[in-house]
Amino acid sequence: MQIWAGLGNPGPQYAMHRHNIGFMICDVIAEMHGFGPVQKKFSGWVQEGRIGSEKILLLKPATYMNESGRAVGEALRFYKLEPDALTVFHDELDLEPFRVKVKQGGGHAGHNGLRSIAQHVGQEYRRVRIGIGHPGHKDRVTAHVLGNYAKAEQDELVQMLGAIGAEAEWLAQDDNPRFMSEYAMRMQD
């Protein structure tokens, strides 16, 4: 079993924030791959399903971003899984908007959700980094991250979410390079 955690903040007022891209990805993957109903568990919302032959638990922590590690840690401990069974989908300031990179392990780069996960489970898990771009000055970072996607970005956002959902099978098979390659090809169409 794998646990795929999408990071975000609970509540409709946060739904379209760049910081909530992880929640959006979980919703799209669940819909595209026919996952089961949403259940409240592990201080969050979970959906179970399969992608190919792999059993996946999608987790959206309801703890707010800064406490994401609590929910992720609960789920890993319950299933007696090591951090290498974990994939985290999160926003990334240091990537251009809609660029996607997969990385194993590493630091938190100032991301409070990743910082919390590191405190609860360590750093040796897979991250799917979703570019949101940097606003240019550190004084504008909070407003950018906690801002909604602009109307002009909506088409590309939908395309990105669909591409991630469609190519999720490569993540399930632990083929990160193939996932990134297929994702990039879909985004060029």
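The values are calculated or read from the model by the stated rules, or taken from the named source; none is laboratory data. Quick caveat: nothing in here was measured; it's all calculated off a predicted structure. Every residue, glycine among them, receives a Cβ derived from its backbone with ideal geometry; neighbour counts consider all protein chains shown. Areas reflect the complete protein model, heavy atoms only, side chains present, ligands, DNA and RNA absent. Shrake-Rupley method; radii C 1.70, N 1.55, O 1.52, S 1.80 Å.
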*asked:* Let me make sure I get this right: for segment 122-189, a, b and c are the square roots of the gyration tensor eigenvalues over alpha carbons, sorted descending. Under 1.5 in a/c it's rounded, otherwise prolate if a/b > b/c, else oblate. Which is it?
replied: oblate
*Global geometry of segment 1-98, whether rounded, prolate or oblate, following the gyration tensor of its Cα atoms and the 1.5 cut on a/c*: rounded
*asked:* Rounded to the nearest 20 debye, what is the charge dipole size of the chain about its Cα centre when +1 sits on each Lys and Arg Cβ and -1 on each Asp and Glu Cβ?
replied: 540
*Among [x] 63, 43, 35; [y] 71, 30, 24; [z] 42, 35, 31, the entry that matches Cα extents along the principal axes in Å as calculated here*: [z]
*Could you work out how far the C-alpha centroid of segment 27-93 sits from that of segment 164-189, in angstrom?*
19
_Kirkwood Rh in Å, taken over segment 29-68 so that all alpha-carbon pairs contribute_ = 10.7
*Averaged per residue, what accessible area in Å² does the chain show with a 1.4 Å probe, protein chains only?*
47
